[in-house]
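Just so it is clear, none of the values below were taken in a lab; they were calculated from the coordinates. Small disclaimer: the values here were computed from a predicted structure and weren't measured. Quick reminder, even Gly has a Cβ in these numbers, built from the backbone with ideal geometry, and neighbours come from all protein chains shown.
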Amino acid sequence: MTVSLRLLALASAFAYSDAFPGNSKTTGRHDPVAAACKAAPGSPDWPSADTWAQFNQSTGGKLLRAAPPGAICHPKEPTYNAAQCATISQEWLTYDFAQDDPVSNMWNQYNNDTCLPDPNAPCSPDGYPAYVVNATTARDIKLSVDFARTHNVRIIVKSTGHDYQGRSQAPGALSIWTHHMQDLETHALFQPRGCDFTINHTAATVGPGSQLGSLYEELGKIGQIIVGGDARSVSVGGYLTGGGHSILAPKYGLAADQILEMEVVTPAGDIVVANECRNQDLFWAMRGGGGSTFGVMSSVTLMTYPSPKVVSATVMIMSPKVNAPYYADLAGYLLSQFPYLDSKGVSGYSVVSGNFSYPGVSIGGTGMGGFFLLTDTQDENDMVNIWAPIIEHVNKTWPEVTPTIATQTYTRLQDWFETHYDSGSAGTDMWLGSHLLDAETLAKKAIAVGEAFKDFQAEVFLVAGQGVKNAKPRGGSDSVNPSWRKAIAHALTSVQFQPLNQTAKVEALAKVNAKIEPLRRLAPEMGSYLNENNPGVPNWQRSFWGDNYDRLLRIKRAVDPNDVFWCHPCVGNDRWEEVGYQLCRVD
C-alpha cells in the first residue's frame, strides 16, 4: 500500500465514531499537577469532540484520528478491505511499512498485539495512540505540545517507529508524527545562533524525520557523509538523542558528538535554540539523554565529513561443526583481538556464535563472521595485513577452523552502504538486549568472555574505540553513557516470542536479560546502549547513563516539572506508572 493510500485509510478511521470523537462534555483546562491520571479516551476529562475539532483547525487540518493499520484485515472493523489485507500482511514484516504508517511500530508488543493483520486475532484500537498530528513545522509540534499540556493528554513522538524500547507508542496518546520533517541544508562552515564565533567545519541542518539512507544519498551528491547507523529506516531524531553508534564512530565519535545545534520545542511549548551558547543544559541533555523526555527536536545541525574511500572485508572464521567443543576458546580469542583491530582503524559488524547464521550468508557452524571496514585506503593489502596475525594464530591453534577474508574497495562509503545496510525484518514480537565491552575485559579476560559467549552467542559491533574515546563534543561534553568512552565493542542479542501470549512475553524478557547477565558480571561498570535494549534492564538508569543520570534528572525536573513527556525507560519517569491503558501518578 502506498503512503497516500495509508493516509486515506487512516483518515477513514473517523468511521470508528463521529469525527474527532470524545466525551460529549465540553472540557476546559486541567491542572496537570493535581490530576491523578492523564486523560484517556472515555475518561471524564478527555477533550470533547469540539475541542479536538478546534485543535485540528489550528493545525490546518493535520490532525488524524488514529486507527490500527492491521484493522484492514478484520471484517468487523470500519477500515476492513479484504483485497488489501494480503498486501498489508506481507508489508507488515518490513521496515518500510512501519516507517510510512502514522501509528505503526516495528515490534508488535509495544501495541500489546491489539490488532495484528490476522483475521483470527482480536482487534481493537486500545494499544495505539488516539490521535496523530502530521507535523511538518516546529509550529505544528508547539501546537501539539500546548494542547497535550493544557488538556493533560499523554503525548509521544514518532518518526519511523524504529524504536526497540517502544517509546514512540502509547495507548490513547496524542502522537507527534515528525516523519515528513526531512529538510536538508548544507553549510561550508557554521555559526551557532547566539555565538560570536564560527565553527570551521562542514555541516548539515536536517529535520528530525530525515532518514539515514536518504541523508547518505543526498550528501553523497556533494561528496559528504554524516556519522550514522547502518539502518536506512532510522531517522535522526531518536537516533541522535540516544547517542547513535556508527561504523564511523571509531574514527569520529558517536553521532551525538557531532551535533552543533538543535531547535527544540520544550514541554512549556517554547521553540528554542540549544547549542553551546544558548540553553546549554538542554543542549547537553538532548545529546544522549533519550528521546521523548526533554522536548521535541524540530531541527538539528550536524558535522559532515568527506565520504571516505574504503576497503571492505567479509571475514569468516568458521568450522562447519555446530557448537564445537572449542567454541568458547575460539570466541574468547577472536573478541580479544577487537582492541587490536580498533587500534588499526578497523570497524565493523559481526556475529560470534556456536551456531552461526547471518542474513545473506549461506554457510554456518562455529565461529565468527562479519563485515569490516578500513577507511581512507584503496589498497586491499592494508586490510589483509591487519588480519594476517589473527588468521595465522587461528590456523595454528584450531586446524578444524577455516578462516577466509574477501576484500573489496569502494570509492565512497555510500557505495558500501548500498549493499550492506540493515536488511532485517520488523512486524514481530521481540526483545533486544545489549552490553558494552571495554578493552581490558576483552583482552585480559578472554577466557571468561569466551565462556560468557556460550550463552550469549550474538552480534558484536566494533563501533566505538579510539574515535569515541577522543571525541570532543561542542560545549565540552554531552550526556551519552560515559561507558562509551571506554568501550571497544557493543554486544547485542534478541529473543522473539509468540504474540498474544503474556507468559511467553514475560519469559522472553527474562531470557534476554539472562543471556546478557554474564557480560554484566564481566564488565559491571560498562553499562549498555539505550537505543538497542529493552525496558526490563536491571538498574536501567545507571546502565543507560551511568554517572550522567543525576544531572539528567535535574534537567528533566527543571524543563518539564509537570511531566508533560513520559516514557519508559526514560529519565525522571518514576512519578508515573501505566495502569492498564492509562498513565497515572505513583503516589
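Checking the Cα-Cα distances for K309/K344; K444/K511; K142/K556; K62/K158 against a 21 Å cut-off, the pairs over it are K444/K511.
Here the calculated FRET efficiency for I363 and I447, from their Cβ-Cβ distance with R0 = 30 Å, stands at 0.65, rounded to the nearest 0.05. Inter-label distance, R554 to D270: 1.9 nm, where each label sits 7 Å from its Cα along the C-beta direction. In this simple spin-label model, placing a label point 7 Å from the Cα along the Cα-to-Cβ direction at both D376 and D574 gives a separation of 4.5 nm.
In the chain, the calculated helix contribution to ellipticity at 222 nm averages -8500 deg cm²/dmol per residue, counting -39,500 (n - 2.57) for every DSSP H run with n ≥ 4.
When the Cα positions of V133, V564, L254 are compared along the charge dipole of the chain, V564 comes out farthest toward the positive end, with charges on each C-beta of Lys, Arg, Asp and Glu.
The Cα center of the range 408-431 and the Cα center of the range 273-309 differ in position by 25 Å.
Simple rule: put +1 on each Lys or Arg Cβ and -1 on each Asp or Glu Cβ in the range 310-540, find the dipole, and look at T314, Q408, T503; the Cα lying farthest toward the positive end is T503. What the Cβ-Cβ distance of K472 and S214 gives, at R0 = 22 Å and to the nearest 0.05, is a FRET efficiency of 0.20. Spatial offset of the range 529-584 relative to the range 150-192 amounts to 17 Å, using the alpha carbon center of each.
How high is the relative contact order of the range 184-307, in percent, counting Cα pairs under 8 Å that sit 6 or more residues apart? Spell out each step's value before the answer.
Working: 254 pairs, mean separation 37.1, N = 124.
Result for the range 184-307 is 30 percent.
Calculate, for Q57 and N200, the FRET efficiency according to 1/(1 + (r/R0)^6) with r their C-beta to C-beta distance and R0 56 Å; round to the nearest 0.05. FRET efficiency, Q57 to N200: 0.75.
Short-range pairs are left out: with C-alpha atoms under 8 Å and at least six residues apart, the relative contact order of the chain is 15 percent. Taking label positions 7 Å along the Cα-Cβ direction at both T397 and E517, the computed distance is 2.8 nm, reported to one decimal.
The chymotrypsin sites (Phe, Trp or Tyr not before Pro) found in the range 195-261 that occupy coil by DSSP, while having at most 15 further C-beta atoms within 10 Å, are F197.
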